[in-house]
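Encoded as structure tokens, the structure appears first; notes follow it.
The values are calculated or read from the model by the stated rules, or taken from the named source; none is laboratory data. Note that the structure is predicted; figures quoted are calculated from it, not measured. Here the Cβ positions follow ideal geometry from the backbone for every residue, glycine too, while neighbour counts run over all protein chains shown. To get the accessible areas, we keep the full protein, side chains included, count just its heavy atoms, and leave off ligands, DNA and RNA. Shrake-Rupley method; radii C 1.70, N 1.55, O 1.52, S 1.80 Å.
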Amino acid sequence: MDKAIDSLIAGYRAFRQGQYRQNEERYQALAAKRQQPKALVIACCDSRTDPAMVFQSDPGELFVVRNVANLVPPYEPDSHYHGTSAALEFGVKSLEIKDVIVMGHAGCGGIEALYEGAKGNPPPGDFVPHWISLAEDIAEQVTDKHGDLERHAALRLMEQRAVVASLDRLRTFPFIEERENRGELRLHGWFYGIGTGLLSIYNPDTDRFVDVTE
């Protein structure tokens, strides 16, 4: 095995001897009953943004859906494969989760690829270009209306507006819209700064992300 796999196996052994052994009864209790997560988090695949780490959550507390650029597709009940949509359906309808969070982050590679595409340098690949095109309108809006922004500021704006767009697409799912209208489900837009460690929460009244104070 190479060093990367060796380190993972070493981490597993440390987990078994440490955290698992110290909390064995808790893990057995989790396995013995149906999961009851308190929130559903749509996060990015980025290896630097682990929701369980950021929120210090224990096993069983978060139902996490991860994809490139933490995007939500529109409601399209057809014969194609819809991993994110299936997870939303299971989390909301079967597990009856009451809070759904779209968690964007700074330095998102998917959004950067979208930005470059808007500048005439589309990313290669069979799947990524089509997937990130879900936020193509965001890239166009930012480049058209805020063309004077420096690259870093433009990327940050795109990253945050993509979160808002995903919140809007969540409402295209009838089982989400109906529950939200009845007050049985809450939607949240959050943004995490990898380098700063800061979490910002979207306020729909002001259309801004506000930092969580310590």
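Using only side-chain charges placed at the Cβ, +1 for Lys and Arg and -1 for Asp and Glu, the dipole size of region 1-158 relative to its Cα centre rounds to 780 debye.
Quote the FRET efficiency, to the nearest 0.05, computed for Thr196 versus Lys38 with a Förster distance R0 of 25 Å and r equal to the Cβ-Cβ distance. With a Förster radius of 25 Å, E is 0.45. Once the convex hull of all Cα atoms in the chain is built, its volume per residue stands at 182 Å³. When all protein chains stay in place and ligands, DNA and RNA are ignored, the 1.4 Å accessible-area order of Phe63, Phe55, largest first, is Phe55, Phe63.
Ordering 132-143, 108-119 by mean Cβ neighbour count within 10 Å, with the highest value first, yields 108-119, 132-143. Surface composition of region 86-214: carbon plus sulfur atoms contribute 49% of the solvent-accessible area (1.4 Å probe, protein chains only, all chains present). Mean sequence separation of contacting Cα pairs (under 8 Å, at least six apart), scaled by the length of region 54-183, corresponds to a relative contact order of 34 percent. Sorting Leu198, Leu170 by accessible area puts them as Leu198, Leu170; the probe is 1.4 Å, largest comes first, and only protein heavy atoms count. Exposure check, 1.4 Å probe, all protein chains in place: Thr84 carries approximately 10 Å² of accessible surface. Between Leu95 and Asp58, the simple label model (points 7 Å from Cα in the Cβ direction) yields a spacing of 1.7 nm.
The mean accessible area for residues of the chain, using a 1.4 Å probe and ignoring ligands and nucleic acids, is 61 Å² per residue. Rolled with a 1.4 Å probe across the full set of protein chains, the surface gives Leu62 an accessible area near 40 Å². According to the square roots a ≥ b ≥ c of the eigenvalues of the Cα gyration tensor, what is the shape class of region 132-212, taking rounded for a/c under 1.5, prolate for a/b larger than b/c otherwise, and oblate for the remainder? It comes out oblate by the Cα gyration axes. Each of Asp205 and Glu136 was given a label point 7 Å from its Cα along the Cα-to-Cβ line. The distance between the two points is 3.7 nm.
When every alpha-carbon pair in region 147-194 is counted, what percent end up more than 13 Å apart? Within region 147-194, distances greater than 13 Å cover 64 percent of Cα pairs.
Only the Cβ atoms of Lys and Arg (+1) and of Asp and Glu (-1) were treated as charged; on that basis the dipole of region 66-126 about its Cα centre amounts to roughly 160 debye. Site pair Ala29 and Thr143 shows an inter-label distance of 5.3 nm when each label is modelled 7 Å from Cα along Cα→Cβ. Its Cα gyration tensor gives region 1-119 an equivalent ellipsoid, and the semi-axes of that ellipsoid, as √(5λ) in whole Å with the largest first, are 29, 23, 13. Pairs of Lys residues in the chain, spaced 8 or more positions apart or belonging to different chains, with C-alpha separations under 30 angstrom: 5 in total.
Placing +1 on each Lys and Arg Cβ and -1 on each Asp and Glu Cβ, with no other charges, gives region 16-56 a dipole about its Cα centre of roughly 160 debye.
Here's the picture: charge each Lys and Arg Cβ at +1 and each Asp and Glu Cβ at -1 in the chain, and of Val142, Cys108, Thr49 the one pushed furthest to the positive end of that dipole is Thr49. Asp6 exposes around 70 Å² of accessible area when a 1.4 Å probe is run over every protein chain in place.
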